[in-house]
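Values quoted throughout were computed directly from the atomic coordinates according to the rules given, and no laboratory measurement underlies them. Values in this document were obtained by computation on a predicted structure and should not be read as measured data. Here the Cβ positions follow ideal geometry from the backbone for every residue, glycine too, while neighbour counts run over all protein chains shown.
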Amino acid sequence: MPELDSDLDKSSAAPFGGELTEAMESVSQEVALRGGVARLGDIADRPRLEAERLLAAVLGMERALLLAHPEVRLRPAQLQVYGDAVRRRAQGVPLPYILGRVEFYGLEMLVTPDVLIPRPETELLVETALEDLAGRIASGSSPLVVDVGTGSGCIAIALAATLPAVRVIAIDIEAAALHVARSNALRYGVENRVFCVRDDLLSAVAGPLDLILSNPPYIADHEWADLPASVRQEPRHALLGGPQGLSAIRRLLDQASFRLAHGGLLLVEIGSRQGDVVRSLAEAAFPTANIEILPDLAGLDRLLAVRKPSTPTLPSAPFPAERG
Ligand SMILES: C[S@@+](CC[C@H](N)C(=O)[O-])C[C@H]1O[C@@H](n2cnc3c(N)ncnc32)[C@H](O)[C@@H]1O
């Protein structure tokens with residue numbers, strides 16, 4: 001970061017985080033960005049983009065506006081805040097935790113280290129749910145959805161914000177996560193249709209339910225150490241699902257089997273190598289249902305879809321032979 005360093009050296013202030021004195025001069029946007037890029041080169045795939053996003057956040061501007069105004073300069077206090085942000089990012093803190101927000105399904109979700117950072121692959125669950133919900137709404141119903149393990153509330157809020165007829169029970173076992181989900185619901189004006197509830201999976205919810213959704217913790221415990229350092233900054237309980245990553249999925253299938261309505265749909269996000277085993281678990285829990293494993297955009301197994309038949313059906317297993 002030679003330019004930034006030399007700029008700061010002029011005023012005897014340490015770059016990015018030492019004591020910045022009032023006497024220090026302002027710094028040009030380009031100098032600040034180059035300093036950020038140099039610091040982020042080892043950690044970020046796109047250091048320039050991340051530096052621009054951090055700088056835009058510090059200046060309270062949209063990134064596009066910042067780029068359209070290269071003449072904007074940073075005052076010493078702003079440079080200090082930017083420097084602190086760059087330093088945290090260089091230490092491996094995920095960008096969304098520093099910015100306090102992330103984009104999901106075209107919406108800006110507030111995030112804190114209490115919640116998983118919503119991932120683009122989870123949009124497949126949202127799209128599949130929206131398709132099902134649109135059909136139900138077209139046939140005159142106002143569906144009730146349950147989102148199990150809501151975290152930031154990203155799934156629940158994306159559905160409620162897209163379809164005004166939808167109500168969602170958003171469940172999480174962590175009170176701190178529900179606090180974030182509630183803030184996001186308020187942000188999008190859907191707090192009257194997204195009900196945040198603290199519960200252990202579906203334990204306190206009675207059926208029958210039309211649509212049960214979940215992105216549960218599904219990483220095997222022993223995989224923790226191999227996860228990228230930045231992912232290990234996210235809450236463990238949001239990621240780890242027991243010895244094979246299947247503990248929450250098994251319990252959820254069990255609970256959902258007698259809560260899902262006839263004609264109802266259960267969607268569960270899964271790990272890319274869990275398709276076969278999760279299909280078997282689902283077949284055992286829902287012997288008469290139509291079961292699919294849907295791939296994500298990368299072609300990897302990503303979503304379990306279980307649809308219960310509209311009318312009660314007997315399992316195809318043979319009846320025990322009649323006696324006598
Ligand atoms: C993988 S994160 C998903 C968060 C969010 N739905 C998303 O897609 O970004 C899993 C969430 O499930 C919650 N969770 C873990 N075990 C739970 C349980 N037994 N009951 C309810 N929620 C649970 C965690 O607190 C975490 O918020």
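In summary, the convex hull built on the alpha carbon positions of the range 133-287 has an orientation-averaged projected area of 9.5 nm². Normalised by the number of residues in the chain, the mean separation of alpha-carbon contacts (under 8 Å, six or more apart) gives a relative contact order of 12 percent. Charge tally around residue 96: other residues with Cβ under 13 Å, Lys/Arg +1 each, Asp/Glu -1 each, net 0. Calculate I(q)/I(0) for the chain by the Debye formula, one identical point scatterer on each C-alpha and no solvent, and give its log10 at q = 0.07, 0.11, 0.13 Å⁻¹ to two decimals. Once normalised to I(0) and log-transformed, intensities are -0.37, -0.77, -0.96. All alpha carbon pair distances within the range 187-263 were sorted into 10 Å bins beginning at 0; the resulting P(r) in whole percents reads 16, 37, 30, 16, 1. Of the residues 196, 154, the one with the fewest other Cβ atoms within 10 Å heads the list, and the complete ranking is 196, 154.
Working note: 222 nm ellipticity from helices only, DSSP H runs with n ≥ 4, each -39,500 (n - 2.57), summed and divided by the residues of the chain, gives -11500 deg cm²/dmol to the nearest 500.
Please work out the FRET efficiency for the pair residue 290 and residue 64, using the Cβ-Cβ distance as r and a Förster radius of 41 Å; give the result to the nearest 0.05.
With a Förster radius of 41 Å, E is 0.35.
For the chain, a Gaussian network of Cα nodes joined below 10 Å ranks 188, 105, 97 by mean-square fluctuation, and the top entry is 188. If you plug the beta carbon distance of residue 142 and residue 77 into 1/(1 + (r/R0)^6) with R0 = 35 Å, you get a FRET efficiency near 0.10. Seen from residue 224, the other residues with C-beta closer than 13 Å to its C-beta sum to a net charge of -2, counting Lys and Arg as +1 and Asp and Glu as -1.
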